[in-house]
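The values are calculated or read from the model by the stated rules, or taken from the named source; none is laboratory data. Note that the structure is predicted; figures quoted are calculated from it, not measured. Cβ placement follows ideal geometry from the backbone for every residue including glycine, while neighbour counts extend to all protein chains displayed. These accessible areas exclude ligands, DNA and RNA; they are computed on the full protein's heavy atoms, side chains included. Shrake-Rupley method; radii C 1.70, N 1.55, O 1.52, S 1.80 Å.
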Amino acid sequence: MSQINGIDPDLVVLGIESSCDDTSAAVLRGNRLLSNVIAGQKVHEEYGGVVPELASRAHLKNIVPVVNSAVKRAGIELSDIDAIAYTRGPGLLGSLLVGTSFTKGLAEGLGIPMVDVNHLQAHVLAHFIQEGDTDREVPSFPFLCLLVSGGNSQIILVKSPLEMEIIGKTIDDAAGEAFDKCANVMGLGYPGGPVVNKLGNIGNPDAFTFAKPHIEGYDYSFSGLKTSFLYTLRDRLEADRHFVQNNKEDLCASLQKTIVDILMQKLLKASKELRIDTIAVAGGVSANSALRDAFIKHGEKSGSQVFIPPFAYTTDNAAMVAMAGAFRYAQGARSTLADPPYSRVVI
């Protein structure tokens, strides 16, 4: 069989992801997914955010059964694995240490190579995963990818599977962080993004107007929006203490519309000025239905190619790590036992 984007179609890669609070393992043959198992951590909900120490302990508990399940569901044996791809960073250092240490031990025991993966690049490359017997269309290079999550809001120029350049980024809060913080002040719990999405879909997106930043170039800022939202609540609650409860759907819809408008404005500005009409979205916030609809509408209106990941690849998952690892393996990248995880990095 011929190679797929430089990847041997018979190459079997085990992917391991542990950058935050999801423990995940996946098996890929070539670019085709055989299994993808994710164990979440409910323990953080009562704290309103991820607690690093608790996350590390949960990874220790979950990683062995998750890997065993991924291998079993893929219908392979450990001896069939050619390489292990793992998230080396960025992320929570304690969580990354669990995945990194497990990978090193397993790879050493099996006598197979390791490939370290940048978590952010993996989100972008999730678009190249294939499932089942039918291939879905994938982006052609170069393309622009909007990477949006709780910790990142970036516009990435993707020149090749291994050559990416951040051309725009948030200078303060990320889009996902803005969703979560605004949801928190409304008492909607954590994580707030999915709740805002659900309520926003039945609200009036034009009911309230919130501040939009004026930032040069392709960079983002969401701190002003967050402040504008908080001031709106403060002022309205002085007149009506039931304001949030009586208007939560419209508040969520207006907040969601504002964030999506900010994200799309900069992305489309970059697309026009760089003359790149292939755009993609990735990361946790790419599950937001309003953002997905904005991509679809832009594609229909402009004729541009737009790529939206399946919901399974929007959250942190090992399938994307295995995909990025397969690309890197094909280019000769290898990791050693001396390579430590890292908490911060740019693409």
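Charging the Cβ of each Asp and Glu at -1 and of each Lys and Arg at +1, and nothing else, the dipole of the range 68-193 about its Cα centre rounds to 260 debye. Summary value for the range 206-347: 19 percent relative contact order, contacts being C-alpha pairs under 8 angstrom separated by 6+ residues.
Using Cβ point charges alone (K and R +1, D and E -1), the dipole size of the chain about the Cα centre works out to roughly 260 debye.
When exposed loop sites are taken as GluC sites (Glu not before Pro) in a DSSP loop with at most 12 other Cβ atoms within 10 Å, the longest stretch of the chain clear of them is 217-347.
Dipole check for the range 199-347: with +1 at the C-beta of Lys and Arg, -1 at the C-beta of Asp and Glu, and the Cα centre as origin, the magnitude is about 280 Debye.
Out of the trypsin sites (Lys or Arg not before Pro) in the range 309-347, which ones are loop residues according to DSSP with at most 14 other C-beta atoms within 10 Å?
Numbers: sites: 328, 334, 344; in loops: 334, 344.
Of the trypsin sites (Lys or Arg not before Pro), the ones in loops of the range 309-347 whose Cβ has at most 14 other Cβ atoms within 10 Å are 334, 344.
Based on C-alpha pairs under 8 angstrom that are at least 6 apart in sequence, the chain has a relative contact order of 25 percent.
In Å², and per residue, what accessible area does the chain have when probed at 1.4 Å with the other protein chains present? On a per-residue basis, 44 Å².
Among 214, 127, 59, the largest mean-square fluctuation in a Gaussian network model of the chain, built with springs joining Cα atoms closer than 10 Å, belongs to 214. Between the residues 237, 195, 223, the greatest Cα displacement towards the positive end of the dipole of the range 194-240, with unit charges on the Cβ of Lys, Arg, Asp and Glu, is found for 195. Give the aspartates and glutamates reachable from residue 104 as a straight Cα distance under 15 Å; neighbours fewer than 8 places away on the same chain don't count. Candidates past the 8-residue exclusion: 17, 82, 116, 339. Return the subset of 159/226; 212/297; 248/272; 159/212; 269/297; 226/269 for which the Cα-Cα distance in this structure is over 27 Å, preserving the input order. Beyond 27 Å: 159/226; 248/272; 159/212. Our coupling estimate for the range 237-250, obtained by passing each phi through the Karplus curve with A = 6.51, B = -1.76, C = 1.60 and θ = phi - 60°, is 5, 5, 8, 8, 5, 9, 4, 5, 4, 7, 10, 5, 5, 5 Hz, Gly and Pro reported as x. Across the range 91-134, the convex hull enclosing all Cα atoms gives 108 Å³ per residue. Overall shape of the range 10-157 was characterised from the C-alpha gyration tensor. The equivalent ellipsoid obtained from it has semi-axes of 24, 22, 14 Å, in decreasing order. In angstrom, the C-alpha Rg and Dmax of the chain are 20.6, 70.
Show that you can apply the helix-only estimate: for the chain, add -39,500 (n - 2.57) for every DSSP H stretch of four or more residues, divide by all residues, and state [θ] at 222 nm to the nearest 500. Please list the in-between numbers first.
On the way: 9 runs with 143 residues, N = 347.
Mean residue ellipticity, 222 nm, calculated: -13500 deg cm²/dmol.
The portion of the accessible surface of the chain made up by carbon and sulfur, rounded to a whole percent, is 50 (1.4 Å probe; DNA, RNA and ligands excluded). Expressed in units of 2.2 N^0.38 Å, where N is the residue count, the Cα radius of gyration of the range 83-171 is 1.27.
Before anything else, pin down the relative contact order of the range 106-170: Cα pairs under 8 Å, at least 6 apart, normalised by residue count, whole percent.
Numbers: 65 pairs, mean separation 13.2, N = 65.
Answer for the range 106-170 is 20 percent.
The loop-placed trypsin sites (Lys or Arg not before Pro) in the range 199-263, going by DSSP, that have at most 13 neighbouring Cβ atoms within 10 Å of their Cβ come out as 241.
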